[in-house]
Amino acid sequence: MYKFEVYKDKGGDFRFRFRASNGEVMFSSEGYSAKASALKSIESIKKHVADADVDDQTTT
């Protein structure tokens, strides 16, 4: 099961990471001073990711 994990880093900022069904971290966020901001970012990703383009910058 894929999941977002919200946690506090050593500096006290809120962050989240996205884990694949095998437990591997696929990506993590920047730090947020407010937990609500981290949760808002998660909701934005969930809402908009299906429409995201792929920008392959390795082609010449």
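Of 29, 1, 48, which is farthest along the charge dipole of segment 1-52 in the positive direction, counting Lys and Arg as +1 and Asp and Glu as -1 at C-beta? Result: 1, furthest along the dipole toward the positive end. For residue 10, a cut-off of 15 angstrom between C-alpha atoms picks up these aspartates and glutamates, skipping any fewer than 8 places away in its own chain: 30. Its convex hull of Cα atoms gives the chain a direction-averaged projected area, equal to a quarter of the hull surface, of 5.6 nm². In order along segment 26-32, the phi-based Karplus estimate (6.51 cos²θ - 1.76 cosθ + 1.60, θ = phi - 60°) of 3J(HN,Hα) comes to 8, 7, 9, 9, 6, x, 10 Hz; Gly and Pro are listed as x. A simple charge model with +1 on the Cβ of Lys and Arg, -1 on the Cβ of Asp and Glu and nothing else charged puts the dipole of the chain at about 460 debye relative to its Cα centre. Determine the sum of side-chain charges near residue 23: Lys and Arg each +1, Asp and Glu each -1, restricted to other residues whose C-beta is under 14 angstrom from that of residue 23. Computed value for this residue: +1.
Quick note: the coordinates plus some simple rules give every number you see, no bench work behind them. As the structure is a computational prediction, the values presented were derived from the model and not from experiment. Every residue, glycine as well, gets a Cβ built from its backbone with ideal geometry; the counts of neighbours run over all protein chains shown.
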